[in-house]
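In what follows, a structure is listed as structure tokens, so that the remarks can point back to it.
The values are calculated or read from the model by the stated rules, or taken from the named source; none is laboratory data. Bear in mind that the values here come from a model prediction, so they are computed numbers and not experimental data. Positions of Cβ are generated from backbone atoms using ideal geometry, with glycine treated the same way; all protein chains shown enter the neighbour counts. These accessible areas exclude ligands, DNA and RNA; they are computed on the full protein's heavy atoms, side chains included. Shrake-Rupley method; radii C 1.70, N 1.55, O 1.52, S 1.80 Å.
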Amino acid sequence: MKFQYSEKKVKLPGNVHAYAEKKVMKLGRYFEEEAEALIVFSVEKNRNNVELTVRGAGTWFRAHESTSDMFASVDAAVGTIEGQIRKNKTRLARRLRQDAFVRTAEETSFVADEKEEDLSIVRIKKFSFQPMNREEAVLQMNLLEHNFFAFRDEDNNGAFAVVYRRNDGGYGLLEDVT
């Protein structure tokens, strides 16, 4: 597993990175050796935040935890991702048998400034829309802990589609009609 670290508003000693690497390596049994882990450490209002993103075999897992101790935040983030994997074990196994892990995905995020006069895009990410069925798209959205996910809908001849989380707890689907 490959590791990347990022620190925001904090400078941590090496033992915190070593501890995080040791804990995240426990997730290695779920992924191939090409898996990547990005660990972002930050401190806000006396809370130690850890955001852990693991990408393995084309699937993204993300957890954000905040506690009073950086080591506890690392433990909680790893536990959250293990919980995501256990919760979706059968779905992930089925996807593996269907070779769904072969594809790669990148997240997209567009942030507009709140001023009405300035509608400039402040961040652009490139995204490869991958073909998948609707259930896989909802699973991927939940694993990323996003409110929406764009994909190519296999159930609609590869047309562009977006699944999203509704306020009532259900899911919605936006389909391309062209």
Which is out of contact with any His (no Cβ under 7 Å at 6 or more places or on another chain), over 22 Å from Glu136 (Cα atoms) and aliphatic (A, V, I, L, M), of Ala18, Ala35, Ala63? Ala18
For the stretch 141-153, give me each residue that is surrounded by 20 or more Cβ atoms within 10 Å (Cβ to Cβ) and touching a residue at least 24 places away in the same chain (Cβ under 8 Å). Met141, Leu143
Taking Lys8, is it modelled with pLDDT of 85 or more, basic (Lys, Arg), open to solvent by 40 Å² or more (accessible area, probe 1.4 Å) and more than 16 Å from the chain's Cα centre (by Cα)? yes
Hey, does the stretch 26-39 have a residue that's more than 17 Å from the chain's Cα centre (by Cα), more than 23 Å from Phe127 (Cα to Cα) and open to solvent by less than 20 Å² (accessible area, probe 1.4 Å)? no
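Residue-wise test of (1) buried (at least 17 other Cβ atoms within 10 Å of the Cβ); (2) at pLDDT 90 or above; (3) among the charged types (D, E, K, R); (4) under 24 Å from Glu82 (Cα atoms).
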site	(1), (2), (3), (4)
Glu117	no, no, yes, no
Val122	no, no, no, no
Lys125	no, no, yes, no
Glu135	no, yes, yes, yes
Leu139	yes, yes, no, yes
Asp155	no, no, yes, no
Gly158	no, no, no, no
Ala161	yes, yes, no, no
Residues of the stretch 1-58 being closer than 11 Å to Met70 by Cβ, part of a strand (DSSP E or B) and either in contact with a Cys (Cβ under 9 Å, 6 or more places away or on another chain) or among the hydroxyl-bearing types (Ser, Thr, Tyr) (or both), which ones? Ser42
Identify, please: which residue in the stretch 62-109 is part of a loop (DSSP other than H, G, I, E, B) and at pLDDT 50 or above and is, among those, surrounded by the fewest Cβ atoms within 10 Å (Cβ to Cβ)? Ser68
